[in-house]
Amino acid sequence: MSSTVAPHAAAPRPDLPATDGHAVEPRENYLNVDYGWKSWLLSTDHKRIAVMYLITIMFMILVGGSFAILLRLELATPAGDLLQSETYNKIFTMHGVVMVFFFLIPGIPAVLGNFLVPIMIGAKDLAFPKINLLSYYIFLAGITLTLIAVAMGGVDTGWTFYTPYSSTYANSQVALAAIAVFVTGFSSILTGLNFIVTVHKMRAPGMTWFRLPLFIWAQYATSLIIMLGTPVIAITVALVGLERLFHIGIFDPTYGGDPVLFQHMFWFYSHPAVYIMILPAMGVMSELVTAFSKKRVFGYHIMAFSTLAIAVIGFFVWGHHLFVSGQSTYAGVMFSVITMLVAVPSAIKVFNWVSTMYRGDVWLTTPMCFAIAFLGLFTVGGLTGIFLGAMGFDIHVHDTYFVVAHFHYVMVGGMVTAFFGGIHFWWPKMFGRMYPENMGRISAAIIFIGFNLTFFPQFILGYMGMPRRYHFYPEEWQVLNVLSTAGATLLGTGYLLPMIYLPWSLKFGKVASKNPWGAKGLEWQIDSPPTTFNFDKVPIVTEEAYAYPEGSRHQREAEVV
Amino acid sequence: MSSVDATGLAHHFEDLEQQHESATLGMWAFLITEIMFFGGLFGAYVVYRTMYPEAWENGSKELDVFLGALNTTVLIGSSLTMALAVRSAQHGKNRQVIGFTFLTMVLGFVFLGVKIVEYHAKWEHHLIPGPHFMFEGHLGGHEELFFALYFVMTGTHAFHMIIGAGLMIWVILKAARNEYTPQHHSHVEMIGLYWHFVDIVWIFLFPLLYLLGRHGHASIGH
Amino acid sequence: MQTGIPLFPENASTFATPVDTLYVALVLVSIVFMVLIAGLVIGFAIRYRTRPGSEGAKQIHGATSLELLWTAVPLGIVMVIFVWGTKVWFQISRPPAQAEQYYVTGKQWMWKIQHPTGQREINMLHVPINQPIQLRMISEDVIHSFYIPAFRVKRDVLPGRYSTMWFEATKAGTYHLFCAEYCGTKHSQMIGSVIVMEPADYERWLSGAVAGESPRDQGEKLFAALRCDTCHTGLQGARGPDFKGLWGQKVQLSDGSSVTFDEDYVRESILIPTAKTVVGFQQLMPTYAGQVGEDQILSLIAYLKSLSDPAQGGAKP
């Protein structure tokens, strides 16, 4: 750090409110150390990159969410009266592409992971700060390509890009979307690689593997999946692009190509990608539940190992997406049994979180409300995953709304709920301000109710036989669809609230102390917001994660009175 | 902003050893992702080879083993010069780094030149997959799949070589400024690892594409 | 329509009860776990809530016996579910030998169906009750999926490869037929009806429907029209193999391997004759790709199959 202290850094901040009648003069931190566009856009500070990711990803949620609202509005009536079929198909495709590749996958790693991984292990930055910045710009390039594809007419293949529809028959911007996915993959890969090296090589003295917070274990396992899986989706979509541009025949049955091979290659990545989404969410959960129960996590080691187990077993279950596609029965049986096995470590985690609350000192802040919502929604999502892993059952509900409901419970009910919980939890650390606590609890409640109202009816619709990606549907299913649309309106409101009060709190929120929750963890020992190098001197770790003393109680300093 | 001191130590590392170890681990991790990237292609190759052994045999016979073997030799040679460039960098001999890196680049371009000759021959024989593909007078046929994979696999490999050559220009520029010292030469080592990886990929591609089919079953009557 | 929100589709095939039973069992297991987890979470959140005078957190590192318990119990439960699900799968995926063969061709965006007796229909499938029916399906373009919720069956319909499914309807009525695999613009309109009829009604329908030739007879005509018979004469020294009695048999190929003489092999040989040549024959056959559609290939297959069926005047395999 030679030249980065801006001349006006020490100037008084007129935008800061007065507390107790005294003007606050915050010490230098990563936010006020420098101003101007360049100091942000060219920053290699992991915290600033995390903030840039946060803003970008929030924008993508709004884009993907608007698509979702259009879909639900269309489905309020059985006839396709709001949109043309072609438009409807493009909108559900773009909803999937935007949400999966630009929100669910990067969400927690790129925002919370980027911000917290170095701090939680006591490092000044990630191992490769420039590569971190590069990964952000690659991500931005992926988004730009996607938005260009939308502007040029959109894509109508579904986010799964199944061949030969995508490679030969679709009459939309498939090649451009494939390039966008390809490019975005490299952003993930670089982030994953950075985390792996950072966790291996940059831990502070005394920070042994089994003193790592479980959030770090989750990021580490996720990074492994990203590194092993993402290259395969990259080459797969590249082949689809080549097939589309040059008709080389790799997935075209006319030349002996096998469209089902595409499905194998696609799900080889895209099923583990589900764990890329949910493992970091589980990491966040462990932090939230321990902090707000004032307790050690129940069974640290089994929590860490179950994280790795999910990552490893998750690579061998992809074939459960192909039970009715025409893979051999014996392959199906293998994939079914392994799918059942992957449910076990998830079950262990749920029980351990619940046990962590036992005899704790439970403080129902907004993040804890989100954590409890996660437990409810993820459990439903996980249990229905077992339904789908049972082959005889899957035949009937495969590609129906049952599947749609299941993966929304896991991804939205799981990942998004944990993401919002995490954002609220670390908000004071990231920006030095408290959010309005009661508003937070209200939004968590609205999201929980709205979510169930939206997606629970879809389980019933799915069992009744409503196929997914249907623009028109038989009239007898309208009641359930209207219920779902009504729920979606509520859910949308629930998500919009934090997007209003969080930015509001940047200016008007109460100034946060170092450790408003009284939580353990290195991130709570440093300033809020942290300085550019996080630590004044390298911390020396002497205790295990979550080493709350016997009889700990919350001071509840953050409680809104 | 990350900044680097006079010894080449970036601000966020404790010492040069930690920095070097991180770079090495990062490069190995990157190569693992590369293995998975090519792994997708090798997977597709294995599936289709099992489905269409005869087409694979026919396709393989169209490839020029002499040129393939020549290229194998050239590439192994370039790995040697690359290793020598790394060794020179470890000793801080910047002039030798320039020489060996340049030689590696030249060998790389020889490889790519031979590849262009081979691609051109395929073009003339209508073996480029797509609407103009013809195999022994037939349209279509599974041989087209073989050639599709041949072009995608060797093309991806060639693309990696071009990136490698670009990185070498960067090494030469740094060496010209005498930047490599016995303590600070990670770049050259990392690029060396990458180049050896690209070499190893070819060591797999050559037998799989050029050689395996030749030892297939007795040929079918024409 | 009944009042209230129905929870199950109609129970109209032999698969419906096994699948519904599995479903109900799964739902019950889920309810038990949900009540347990939700009860504990809400209970702990209230009982141990922080408040003035609360006793504070008791630090517990874990309990191996408990962790083993909730590893073993879920493992046992999912293994039971796995075995049960797989049993249902085998029931649904193994057609009985006496199943009647129907042919289905999917294309954007319609279902074309041909009865064993030759009747063709589009987006409608009339079937007799209590009779195992096997569908042999192929797509002319992209992947579709043939789905009848009331029967609890579904199977992807692929281009370039035959897939099959079977069912036995148990209740007369009209049921939804859907395409379940996204196939383009009018995916949601690639729908139809399955009409299950009493045998007598079905016979009446068959005789009233525009009775075309049977697939076998069409295939025989096509075999002559395409001049297949110039090489596949069935005589000694012919340029192509004799098909009599060949169906279902292993055929030796020129590269030393062998292949079963079945639907997929016949289809491939018509479209890409060079792919797998029978030993002792030269590669003389031109491709018929672009000249015959999937429907016609199915007719040719029906004809070749009849050549090995003594009941239809063919030779014994």
Among C:Thr14, C:Thr105, C:Thr274, whose mean-square fluctuation peaks in a Gaussian network model of chain C (Cα, cutoff 10 Å)?
C:Thr274
Quick check: convex hull over the Cα atoms of chain A, volume per residue in Å³, rounded to an integer?
150 Å³
Violations at 22 Å Cα threshold for listed pairs A:Lys130/B:Lys174; A:Lys294/A:Lys429; B:Lys93/B:Lys174; A:Lys47/A:Lys349; A:Lys349/A:Lys429 -> A:Lys47/A:Lys349; A:Lys349/A:Lys429
Which ordering of A:Leu190, A:Leu279, A:Leu522 is given by a fewest-first count of other beta-carbon atoms within 10 Å?
A:Leu522, A:Leu190, A:Leu279
When N counts the residues of chain C, how does its alpha-carbon radius of gyration compare numerically with 2.2 N^0.38 Å, as a ratio?
1.40
Rg and Dmax of the range C:1-78, Cα atoms only, in Å:
20.5, 63
Computed for the protein assembly as shown: size of charge dipole around the Cα centre, +1 on C-beta of each Lys and Arg, -1 on C-beta of each Asp and Glu, debye to nearest 20, value 2060 debye
Using all Cα-Cα distances in the range C:215-312, what percent lands in each 10 angstrom bin from 0 up to the longest?
16, 53, 29, 2
Taking 30 Å as R0, compute the FRET efficiency from the Cβ-Cβ separation of C:Lys221 and B:Glu124 and round it to 0.05.
0.10
With 10 angstrom as the radius, rank A:Asp81, C:Asp262, A:Asp394, A:Asp252 by how many other C-beta atoms surround their C-beta, starting from the fewest.
A:Asp81, C:Asp262, A:Asp252, A:Asp394
Can you bin the range C:3-43 into rounded, prolate or oblate? Criterion: square roots of the alpha carbon gyration tensor eigenvalues sorted a ≥ b ≥ c, rounded for a/c under 1.5, prolate for a/b above b/c, oblate for the rest.
oblate
What residue among B:His184, B:Gln18, B:His142 has its Cα farthest toward the positive end of the dipole of chain B, where the charges are +1 on Lys, Arg and -1 on Asp, Glu, each on the Cβ?
B:His184
For peptide A:349-357, what's the mean number of Cβ atoms from other chains within 10 Å of each residue's Cβ?
6
Computed about the Cα centre, the charge dipole of the range C:215-312 from +1 Lys/Arg and -1 Asp/Glu charges at the Cβ has a magnitude in debye, to the nearest 20, of 260 debye
Taking the range A:44-525 and dividing mean pair separation by its residue count, relative contact order in percent (alpha carbons under 8 Å, at least six apart)
17 percent
For the protein assembly as shown, what proportion of DSSP beta bridges, expressed in % and rounded to the nearest 5, is antiparallel?
75 percent
Ranking of B:Thr7, A:Thr146 by count of other Cβ atoms within 10 Å, fewest first
B:Thr7, A:Thr146
Applying the span-like rule to chain A (DSSP H, Cα extent along axis at least 15 Å, Kyte-Doolittle mean at least 0.0) gives A:46-74, A:85-99, A:129-151, A:174-201, A:214-246, A:259-293, A:300-313, A:329-357, A:366-389, A:417-431, A:437-464, A:478-508
About the Cα centre of the range B:16-214, how large is the charge dipole given +1 on each Lys and Arg Cβ and -1 on each Asp and Glu Cβ? Please answer in debye to the nearest 20.
660 debye
Taking N as the number of residues in the range B:66-188, what is its Cα Rg relative to 2.2 N^0.38 Å?
1.39
For chain A, build the charge dipole from Cβ charges (+1 Lys, Arg; -1 Asp, Glu) around the Cα centre, then report which of A:Ile395, A:Leu73, A:Val199 sits farthest towards its positive end.
A:Val199
Taking every C-alpha to C-alpha distance in the range A:44-129 and binning by 10 Å from 0, the per-bin percentages run 18, 35, 22, 15, 9, 2
Taking amide H positions as placed in the peptide plane 1.01 Å from N, state which residues far from C:His126 in sequence (5 or more) or on other chains have amide H under 5 Å from it.
C:Ile195
Hull surface divided by four, with the convex hull built on the Cα atoms of the range C:49-115: how many nm²?
11.8 nm²
Counting only Cα atoms, I'd like the Rg/Rh figure for chain B, Kirkwood definition for Rh.
1.08
How far apart, in nm, are the 7 Å Cα→Cβ label points at C:Leu68 and A:Ile540?
4.0 nm
For C:Lys186, list the aspartates and glutamates whose Cα falls under 18 Å from its own Cα; do not include residues on the same chain fewer than 8 positions away.
A:Glu74, A:Asp81, A:Glu86, A:Asp156, A:Asp399, A:Glu475, C:Glu140, C:Asp141, C:Asp156
With axes computed from alpha carbons, what is the tilt in degrees of helix C:215-225 against the longest principal axis of chain C, rounded to the nearest 10 within 0 to 90?
40 degrees
Long-range amide H contacts for C:Ser258: which residues qualify at under 5 Å (H placed 1.01 Å from N, peptide plane, sequence gap of 5 or more or a different chain)?
C:Leu253
Hey, if you put +1 on the Cβ of every Lys and Arg and -1 on every Asp and Glu Cβ in chain A, which of A:Ile61, A:Pro549, A:Met411 ends up farthest toward the positive end of that dipole?
A:Pro549
Quick one: the Cα spread of the range B:1-86 along its three principal axes, in angstroms, biggest first?
60, 29, 20
Dimensions in Å of the protein assembly as shown - Rg and Dmax from alpha carbons:
31.9, 110
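Every number here is computed from the coordinates shown, using simple stated rules; none is lab data. What you see is a predicted model, and the numbers here were worked out from it, not measured in a lab. Reconstructed Cβ throughout: ideal geometry from the backbone, glycine too, with neighbour counts over all protein chains shown.
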